[in-house]
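Quick note: the coordinates plus some simple rules give every number you see, no bench work behind them. Everything quoted here is computed from the prediction, not taken from an experiment. Virtual Cβ from ideal backbone geometry, glycine too; neighbours counted across all protein chains shown.
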Amino acid sequence: MLYAMNQLRTMRDLLVHDIQMMYSAEQLGLEGLATLVENTSEPRLKAAFEKHGVETRRQVARLEQIMDLMEVKPSREVCSAMKGLLTDAEKLMRKESTPQVLDAMLLAAAQKMEHYEIACYGTAVRMTEDMGMTQAAELLRQTLEEEKKTDEILNEIAKLRVNVKAEMM
């Protein structure tokens, strides 16, 4: 059942759409993470971004597994929510700021992306569980836990390093 989604008539259609948008979001997120790594001056933050880039590649592979299970392909449609978050971050990066404030902005942008992904994965876990798709639910749950852990790490870096340094400026 390899088809393009131009209608949403069933929960399965909605789930397929959501998985395809999550796939697009993760692809965009990888591009965004590369920009964050390039522009941060805080070593711990840079390391966290790099680590999450590795995780994100695994998450993309999981989404590909789920699409294989569902017999669907990635959509050419771009995730407008993630695109918007990245566009906002790019606009802020063009503003004049100190390296410390730039790091705080990059960290905040990353957390906004994480929060969006946490919402998407949480919803998809619920849907797949309700639909009896246990293998897909488990793959999604793994990613959801990674996204939550990344958010915790970013919170810790913000609290102990980045926001403190930016506040001193």
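Points worth noting:
- Excluding exposed DSSP-loop GluC sites (Glu not before Pro) (at most 16 other C-beta within 10 Å), longest clean stretch of the chain: 97-169
- Separation of the alpha carbons by more than 24 angstrom is noted, of Lys91/Lys112; Lys91/Lys165; Lys46/Lys148; Lys91/Lys148; Lys51/Lys73; Lys46/Lys95, for Lys91/Lys148; Lys51/Lys73.
- Of the DSSP H helices in the chain, those whose Cα atoms cover at least 15 Å axially and whose Kyte score averages 0.0 or more: 11-39, 80-93, 99-130
- Its relative contact order, with pairs defined as Cα atoms under 8 Å and 6+ residues apart, puts the range 54-167 at 31 percent.
- Modelled FRET efficiency - R0 30 Å, Met93 with Lys149, Cβ distances, 0.05 increments: 0.70
- Where labels lie 7 Å past Cα in the beta-carbon direction, separation of Asp13 and Val164 in nm: 5.3 nm
- Label corresponding to Rg and Dmax of the Cα atoms in Å when calculated from the structure given, among [x] 17.1, 57; [y] 15.2, 44; [z] 20.9, 60: [x]
- Centre separation in Å (Cα based) which lies between the range 32-90 and the range 137-169: 15 Å
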